[in-house]
1. From 136, 107, 122, which residue is of a type in the set (Lys, Arg), over 19 Å from residue 18 (Cα atoms) and either touching a Cys at 6+ places or on another chain (Cβ under 9 Å) or modelled with pLDDT of 90 or more (or both)?
2. Checking residue 200 against (1) under 18 Å from residue 95 (Cα atoms); (2) of a type outside the set (Ser, Thr, Tyr); (3) at pLDDT below 90, only one condition comes out false. Which one?
3. Residues of the range 31-47 being of a type in the set (S, T, N, Q) and modelled with pLDDT of 95 or more, which ones?
4. Please go through the range 57-83 and pick out each residue that is of a type outside the set (Val, Ile, Thr) and exposed (fewer than 14 other Cβ atoms within 10 Å of the Cβ).
5. Name the single residue, out of those in the range 1-28 being at pLDDT 80 or above and of a type in the set (A, V, I, L, M), that is farthest from residue 140 (Cα to Cα).
6. Can you work out which of the residues in the range 130-155 that are within 17 Å of residue 84 (Cβ to Cβ) and of a type in the set (Gly, Ala, Ser) is farthest from the chain's Cα centre (by Cα)?
7. If you take the residues in the range 38-56 that are acidic (Asp, Glu) and more than 17 Å from the chain's Cα centre (by Cα), which one is surrounded by the fewest Cβ atoms within 10 Å (Cβ to Cβ)?
8. Would a scan of the range 125-139 turn up a residue that is on the phi < 0 side of the Ramachandran plot, touching a Phe, Trp or Tyr at 6+ places or on another chain (Cβ under 9 Å) and part of a helix (DSSP H, G or I)?
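The values are calculated or read from the model by the stated rules, or taken from the named source; none is laboratory data. This is a predicted model, so every value here is computed, not measured. Positions of Cβ are generated from backbone atoms using ideal geometry, with glycine treated the same way; all protein chains shown enter the neighbour counts.
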Amino acid sequence: MPKNHIVKSFDDDLKRLDNIIAEMGGLAETQLANAMEALLTRDSDKANQVVASDRKLDTLETEVDALAVQMLALRQPMAQDLRIVITALRTASIIERIGDYSKNIAKRTVAISQAAPVGPTKTIGRMGKQVQSMIKNVLDAYVTRDAVKAEDVRVSDGEVDALHTSLFRELLTYMMEDPSNITACTHLLFVAKNIERMGDHATNIAENVHFLVHGDAPKEERLKEDESSFVVVEPMSQAELKESKQ
C-alpha cells in the first residue's frame, strides 16, 4: 500500500475520532439542557426521554474505544498523534459519564415532580446553566485545540463549587424549616451533586486539552471551593421558625 495512502487513511481516522467526540459532546449538552428543563418545568415525560436517549452516548463511546484500539494496534502512532488517540479515549469516557449524570437528574425529576415545589430549584437552574456553558466551551476548546480557552473552563469550576456549597446549605435549611420538604430537597441534593460532578468532568476535559496541546498536565493544581462537606446548619429556635413563616 503506498505510503501517502497510509498517511491519508490515518489522518481520516484521526478526523473520525474528533468527529465522534464532537457528536458525543453535542449530545451531552442537549441531554443536560433537556434534563434541566424537565426539572424546572416538572415534566416527567421529558425526563423519561432524557433517560432513554442516553443509549446513543454509550454506543458512540464504544465506537471511539474500538477505533482508538485499532489505531494503536495498526498505526502505532507517536508524539502528537499518540496524544490525540489517548485524549480521545479519555474524553469519550468523561462525556459518557456526563451523560450518565444527566440521566440521573432526569430520574430524580420524576420523583421531584410528585412533591410540592421548593425554592432552591431556581438556584439549581443557575448552576445547571453554568455547567452547560463549561461543557460547551471545553468541547469547543477540544475541537480547536485551544489550551487557553480550556484553562478558562478549568478556572470557572470554582464558581460551580461555590454555588454547590451555597445550595447545600440552603437545602438543609429548607428541610429543617419544614419536614414536608425533606423528600424533594433530598432529591435536589443529589441533583446538585450531579451537576457539580459534571463541572468537575468538564474540568477534566480541559486538562486533557492541555495535555493534547502541550504534552503534559497543567502545572497548577485545580482550585477546589466546594465546602459542602463542612457545612453545619444549626436548628432554628421556635421563635425564629415562627418568624420565618410570617
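1. Unique residue meeting the criteria: 107.
2. (3)
3. Our first condition is that a residue be of a type in the set (S, T, N, Q); within the range 31-47, this holds for 31, 34, 41, 44.
Hits for the range 31-47 are 31, 34.
4. Filtering the range 57-83 down to residues of a type outside the set (Val, Ile, Thr) leaves 57-58, 60-61, 63, 65-68, 70-83.
Passing the criteria: 58, 66, 70, 73, 74, 76, 78, 79, 80.
5. Among those residues, the one meeting the criterion is 14.
6. Only one residue fits best here, namely 147.
7. Here is the first cut: in the range 38-56, the ones acidic (Asp, Glu) are 43, 45, 54.
Of the ones still in play, those that are also more than 17 Å from the chain's Cα centre (by Cα) are 43, 45.
Working: 43: 18, 45: 9.
Among those residues, the one meeting the criterion is 45.
8. First, the residues of the range 125-139 that are on the phi < 0 side of the Ramachandran plot: 125-139.
From what's left, touching a Phe, Trp or Tyr at 6+ places or on another chain (Cβ under 9 Å): none.
Checked the range 125-139: no residue is on the phi < 0 side of the Ramachandran plot, touching a Phe, Trp or Tyr at 6+ places or on another chain (Cβ under 9 Å) and part of a helix (DSSP H, G or I).
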